[in-house]
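All of the numbers you see were taken from the coordinates with simple rules; none came from a lab. Since we're looking at a predicted model, the values are computed, not measured. Counting neighbours? That spans all protein chains shown, and the Cβs are built from the backbone with ideal geometry, glycine included.
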Amino acid sequence: MFGSGAVPFTNMKSRVILFTQPDCPPCQIVKLFLTERGVAFEERDITRDAAAVRELTEKYNSHSTPTLVIGEEVMIGFNPERLDEILGE
């Protein structure tokens, strides 16, 4: 889907957190995108974790999935070009 020539982002120092929920096609795409690039991430399912919901809404001011937190950057939704930019920093 994203090409087999993807180079892993091995120089990343930031922790990657992905807020998801079941039956969220964009969430699945983001997980595939990160996995294909060799990016380790922590997945937080907001349907199973009340603390994750509070963190998503209160700390990151989001009410949507997927929401990605990479270091100080917060991305609500999926924008592959912007995500590549953030990961490449």
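Each Lys or Arg adds one and each Asp or Glu takes one away; over the other residues whose Cβ falls under 15 Å from the Cβ of T20, this sums to -3.
Charge tally for K31 (other residues, Cβ to Cβ under 14 Å; Lys, Arg +1; Asp, Glu -1): -3.
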